[in-house]
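Every read-out reported here was derived from the displayed coordinates using simple, explicitly stated rules and does not represent laboratory data. Only a predicted model underlies this, so the values are computations on that prediction, with no experimental measurement involved. Cβ: placed from backbone, ideal geometry, glycine included. Neighbour counts: every protein chain shown.
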Amino acid sequence: MFSLNKTGPKLGVDINSETITLIQVEKTKRGIEFVRFAYQPSPINSVREGIIVDPEAVGYTLKEVIQSAGIKIARPLPLLNVAAPGQSVIIRLLPVPTGIPPEELADVVRQEALHHVPFPLEEASLDWSLLPASERTDVDGVQRVDVILAAIQKHIVDSFWHVSDIVGIPLNAISVSSLATIRALAFAGYGVQEDKLTMSVSIRHDGTDINFLKAGTPLFSRSVVLGVDTLTESIARSLDISIMEARGLCPHIPLLQTTSNDAALTQAAQIARTVLGDISDEIIRSIDFYRSQVGEVEISEMYVSGPGSVVPQVDRFLQTRLNVPATIIDPFQNLINSELIPMSQRAVYALPLGLLVEPAWSPVSTVDLDLNREGPSAALLEGLGPVAGISVVAEETTPWFMPVLAVGAAILIGVAGFWAYATQIDIPQKQAQIDRQQALFDTQKSQLKTLPEVKEATEQLERRKKILENIIKHTHPWSQTLETIRTDTPEGVQVRKIVLSQHNLRLEGHATDFKGVSHLAINIEGSRLAPVVEVESASREEKDPRIINFAITAAITPGNIIAHSAGLPVSGAPNALPNAATKPVRTSGKPQFLDFYATWCGPCNALKPHVEEAKRQFGDKIDFVSIDIDDPKNHALVEQYGVHAVPNMFFLGQQGQVLDHMVGFQGKDALMKAISRLSTVAQNGSSR
């Protein structure tokens, strides 16, 4: 027996291959209010095709999401509402006569499930519901109504329970992704007309849910394994970029444009048209199949939601392909405080919102199936022990039961005979155990061969993790700088290349006249983001004298960027140096050149031979100190000098004062000039 504590707040959680997203809404005296929203990237390879394959990694990440949202894991415990991907759930509409008692209906549905569920029912979690809107009279005069049946394998349910056990809060309900999205649609007033047939198309990460609706009731449901993951993986392979970079291109794809100034976006648009075209073909097949079952019908409108809605003009693309009016939905429009979710992202989060919509909140009746009614399997409970939110009640054994059972077993063994027992039971079991051990040995042997590759991949992921942590925690808000460049670029000037470092900005491009180049430099300097701007070069191209190639450099400080974005006056010198120590690393009395590097850093390796050359030339005047940022004994220096990117070079005077600072490999000439200037400090015996 299982009992759940359902008194805590409910949390709608969407777990997919890209993010783990949490939403909380509550009913108050003012109405339905939006309370919380938080998300984090999903652990790498923890979710595949919508199925959780690493519950521990997902559980710890979800715990961080809950903590970042300010939710305390204390009694009364919150409850998790999650969704299983549509392609992992078997959904069938079963016509039954009206008026069947509930107990008899349950037997009928289970009998029908034997014919429709492609795996043993003892390995399945089931739920079903009547669809009153489908009630009709057949040609033979029998009144019938449809029952929607959903079935999922128990190991998928167990993966959600495993996650909830790690988080420490109970799992309340497991919905079907498509049905949760429909509840969010109905709550916002979409697809609730009784006299119109509409369609819901939810383009999720791992697949696309297609549903035909009337008055909030699904009349036909289908899920295909084509989604945003298909698009991003295709873009990443085609452009030879990472999945993260491919995802970053999606909101900027010119879907309905045949050409673009950006070659990468042009190619990404071609791939997007192909993938979305395949999704459109699957929708057309669904429409044709539905019409073959019910006759010719007209679909009045199509509602688009899910992460795929971020692709610009995806609704117009589908409308053109299907000849059905399409709308990107706003499921949050009836919520108080909905302005906390950006308009461009609202359709993305229809699914986690739908996990929380109560039946009483919708203007029409919707389907609310729960694939968690039977709870976790016995195997999971034995493996995990007490699961969060569940109390296990042991049944008392009848006193005389065990003796009688022992006598019966002895009689049975005597009758059957030792020979029958040995040949029919014992020997096959031992042989099966031997086969399992051999299979396990073969598996472990093959895994052992791949151990070096796994170790190398793990080391690469750790290095990438450090880089990403530096990017996330320490990089500057360059978006304001890029926006300034975009708005301040005069007509006739095109910027082809932007190089950003911690304190410097470099623009390269071409213009039709020198005046445009000057105006661009003046505009950037006037923006207060870059107090010092210099036109490094401007010359006419030999092949086409009408084009002027130019390069502009500017000194930028993070304080200027932050102050400008906040509308505050800019202060400080343009070449402000980081706050460092006031004493040298060594006590030789010479100026010092500090080179912070990492063995995995490509620019550091490119810089190294030039540093060695400078050391040979100026080693008698300057102390050259190389500092590996990954060496634990150097962590105090890394923190002291505020090093967040490599290569990172500090030029110190004889008393340890910072005279100059350089981030990134800016070329041999720039490095040698800076070191040459530092050598004059030793020669003159004073700092500059």
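List of remarks:
- Members of K497/K668; K515/K668; K10/K63 lying beyond 24 Å, as alpha-carbon distances in this model show: K515/K668
- Tensor-based shape of segment 626-665 (alpha-carbon gyration tensor, a/c under 1.5 rounded, otherwise prolate or oblate): oblate
- Applying a 4.7 Å Cβ-Cβ cutoff to the chain, the cysteines left without a disulfide-compatible partner are C250.
- Each Cα pair under 8 Å and six or more residues apart adds its sequence gap; the mean of these over the residue count of the chain is a relative contact order of 10 percent.
- Rounded to whole Hz, the Karplus (6.51, -1.76, 1.60) HN-Hα couplings of segment 592-608, x for glycine and proline: 10, 10, 9, 10, 7, 9, 9, 5, 8, 8, x, x, 5, 5, 5, 6, 4
- Looking at segment 33-129, the GluC sites (Glu not before Pro) that sit in a DSSP loop and have at most 16 other Cβ atoms within 10 Å of their own Cβ are E49.
- Over 26 Å apart at the Cα level, from the set K621/K673; K29/K72; K29/K196, are K29/K196.
- For segment 294-378, the list of GluC sites (Glu not before Pro) that fall in a loop by DSSP and count at most 14 other C-beta atoms within 10 angstrom reads E296, E298, E374.
- Couplings 3J(HN,Hα) for segment 351-360, derived from phi with the Karplus relation 6.51 cos²θ - 1.76 cosθ + 1.60 (θ = phi - 60°), are 5, x, 5, x, 5, 10, 5, 7, x, 6 Hz, where x marks Gly and Pro.
- For segment 8-138, the C-alpha radius of gyration sits at 1.39 times the compact-globule guess of 2.2 N^0.38 Å, with N the residue count.
- Among K455, K154, the order by Cβ neighbours within 10 angstrom, fewest to most, reads K455, K154.
- DSSP-defined beta bridges in the chain - what % are antiparallel, rounded to 5: 75
- Gain on full stretching of the segment that runs from D426 to A636 - 0.36 nm per residue minus C-alpha separation: 69.1 nm
- Whether segment 401-449 is rounded, prolate or oblate, judged on the alpha carbon gyration tensor where a/c under 1.5 counts as rounded: oblate
- Computed lengthening from D370 to L451, 0.36 nm per intervening residue step minus Cα-Cα distance: 25.1 nm
- Summarising the strand pairing of segment 592-684, around 60 percent of its internal DSSP beta bridges are antiparallel.
- Near M343, once Lys and Arg are set to +1 and Asp and Glu to -1 for all other residues with Cβ below 15 Å from its Cβ, the sum equals -2.
- Table column - 3J(HN,Hα) (Hz), segment 666-678, Karplus curve with 6.51, -1.76, 1.60, x for Gly and Pro: 9, x, 5, 4, 4, 5, 5, 4, 5, 5, 5, 4, 5
- Using R0 = 51 Å, the C-beta based FRET efficiency linking T443 and A416 works out to 0.90.
- P(r) weight above 20 Å for segment 68-224, C-alpha pairs, percent: 59
- The shape of segment 592-684 comes out oblate: with a ≥ b ≥ c from the C-alpha gyration tensor, a/c is at least 1.5 while a/b does not beat b/c.
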